[in-house]
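The values are calculated or read from the model by the stated rules, or taken from the named source; none is laboratory data. These numbers come from a predicted model, not from an experiment. Glycine also receives a Cβ, built like all others from the backbone with ideal geometry; neighbour counts cover every protein chain displayed. Protein only, heavy atoms only, side chains kept; ligands, DNA and RNA dropped before computing areas. Shrake-Rupley method; radii C 1.70, N 1.55, O 1.52, S 1.80 Å.
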Amino acid sequence: MKTRFLFGLLCGALGAAGAGCDSQPGQTGPCAGISSELAPAAELPSIEPLHAGQAHAVLERCCLPCHRGPGGEGGIDITLSRDHALAPGLNRAMLGVLRSELMPPDSAPALGDEERGRLIAWLEQSAEPPASPARDSRPTLRRLSRDEYERTIRDLLGLGIRVTANFPADDVGYGFDRVADVLSTSPLLVEQEHAAAEQAVRALAADHHAWLRINSPAPDRAPLFYRQYRAPVRSPRENKTLRTHPAAVDAELVRQQHIYDILRAFADRAFRRPATHDEITALLNLVLAAEKDGEAPAHAIEIALEAVLASPRFLFRLEDVCDESIRGDFALAARLAYFLWSSMPDDELFALAAQGVLHVRGVLRAQVDRMLADPRANALAENFCAQWLETRRLEEQAGGSSSFPTLDPDLRQAMLEETRLFCIAILAEDRRILDFLDGDFTFVNDRLARHYEIKGDHDARFRRVSLAGTVRRGVLTQASVLAVTSSPARTSPVKRGKWILTNILGAPPLPPPSGVEAFKVQQPSSRPLTVREQLEAHRSRPECISCHDWMDPLGFALENFDRQGVWRETDAGARIDASAWLPGGEEFSGPQGLRDQLLRRRSAFIRCLAEKLLVYALGRGLDCNDQRALGPIVARVRSQGGRFRALVHAIVESDSFLDDRAPAAQELP
């Protein structure tokens, strides 16, 4: 009981240890200047924004005829105030539809490419605060997500165990479950984290090879000042208080030094940076107290390891060790590892951080390439892509649920595996980003091949197949995406159109005006109506037409796919009409016509993907500085062939990633 009481005290102490220590004035250390050796990104040709008066004239000509005053179409009023400012919330919406060329409609005066670019530049400029404030000096406090915890335990202990089955689900912010602002900590989660720590250490002690590895610590290669020794420097040997025979004293000190080294090596990896001397000594004292309380030496060490896993230094990505130079490379190593692997840094990253060279451009680029070639990079496809594409919702729904009532478990799993393997292929093979839209291959097993009517000799294993001669390309025609963008009993052009606007074009529609009822299925007694016919009545309402003019046509083009992604020619006994149009006047039909329209807007798609990947990498929403960095990121990616690896490199080498402090309290309105 006494030992458990000390364990609880130590968990709290490890959370505070080092947090308030003084930095050492004038100490530069090997990691100082985290971005000083990074070559700046190539200069982009600057686009001169319109002046406020010019912007007002363009809006008057192209936008205000439909969106003037409270009675504007869709309830959207873009009338400028006296200081030429838009109403809050409109900047981002207008930027999305202008970048994706969804507005103005063909009925409005034409907007040339140069004028569109200058109007976009004005909107971006007007969305920023007068002087962008510096980032807060405090790093963002971020808890490990459930998936990150699972993967970190696996890599820390070298055991393929699962310990998070009882963890509550993580909340989602900005589309991802790794955003610091929503990763709260509840009493239930704390209880489960303590139980998981005990389970993990028990499994470690039961595995002979893993326990032997923990008890054979590598030499300490971290420079001395990382340990934050106080003057005078004291080691366990110098802290001797025993009063027995000299030989016994030496043997006991040797034993304690070995325990100290075990705890030092374990805490270094668990905390993702060198543990301080005070932290290690506190753990050593816990071991000695447990032994005095009657615990066997091996079990006493287990208690200390549990304390490490229950410490905030493990559970949170604090990245705030006192000295600025220490924080730099070790924080960068952790940020990089959790971005690409959803797990802790490995020994090579840790060693480069200790040497203070990880931030050097050539070293950093080489590490990104190495990490993307590692199987652990599959986590980027499994976590980022599943949340960006929203297919995780399909995974989280149990069979026979109200959302997917007729989806059998085998088909559900095959749908998810197809998308997972497709995304892994794009990442691992460094394929074009546009393959997400028009990739001519996929992965099927026998169950999914029957679902898609793909002929050939298939079995339970997934194999790569060509989509030549089929209507399917990219993720838009994969069953997982088509299922999560449908309603339980029917397809939903509105949901599919909104999904494309939000996740492909980066132009999410504004919320519907207050008082507008959601679309309801209505079947007259004379004959069943198709989904398109039923939707026509809803979208004809003046307050609905504005947004539905963007959403519905994108969804109509996919109406030949039913709610489970099966190709069909009829709906409610009538031949499906997959023809569509956009407000700009473009007419198209079916999935091929939709792909052509999206590929025409490739810059909007690449920017949308870059924005979402940057949110995922940073674990927070983007501020104005981050938004401003997206232009150079997109330009760099396009200049390097539009490959996925180029996007990863551009994000890692951006100022937002290299100096990820808590953002200033300004986001795009």
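Near G555, once Lys and Arg are set to +1 and Asp and Glu to -1 for all other residues with Cβ below 10 Å from its Cβ, the sum equals +2.
When region 332-467 is described by a simple charge dipole with +1 on each Lys and Arg Cβ and -1 on each Asp and Glu Cβ, the residue from T442, H359, F422 located farthest towards its positive end is H359. Looking at region 320-383, the accessible area is 27 square angstrom per residue; that uses a 1.4 Å probe and ignores ligands, DNA and RNA. Rounded to the nearest whole Hz, the Karplus-based 3J(HN,Hα) values (6.51 cos²θ - 1.76 cosθ + 1.60, θ = phi - 60°) of region 176-184 follow the sequence 9, 8, 10, 7, 4, 5, 10, 7, 7, with x at glycine and proline. Only Lys, Arg, Asp and Glu carry charge here, each on its Cβ (+1 for the first two, -1 for the last two); on that basis region 149-215 has a dipole of about 340 debye about its Cα centre. Short-range pairs are left out: with C-alpha atoms under 8 Å and at least six residues apart, the relative contact order of region 559-669 is 18 percent. Heavy-atom accessible surface of region 146-319, averaged per residue, reaches 47 Å², computed with a 1.4 Å probe. For region 146-319, build the charge dipole from Cβ charges (+1 Lys, Arg; -1 Asp, Glu) around the Cα centre, then report which of A300, A165, V179 sits farthest towards its positive end. Result: A300, furthest along the dipole toward the positive end. On region 146-319, 55 percent of the accessible area sits on carbon and sulfur atoms, based on a 1.4 Å probe.
Annotation: amide H-H contacts under 5 Å for D207 (H modelled 1.01 Å from N, sequence separation of 5 or more, or interchain): none. With a bin width of 10 angstrom, please list the P(r) values of region 320-383 as percents of all Cα-Cα pairs, from the 0 bin to the one holding the largest distance. P(r) over region 320-383, rounded to whole percents: 23, 54, 20, 2. Expressed as a whole percent, the accessible area of region 320-383 that falls on carbon and sulfur atoms is 54 (1.4 Å probe).
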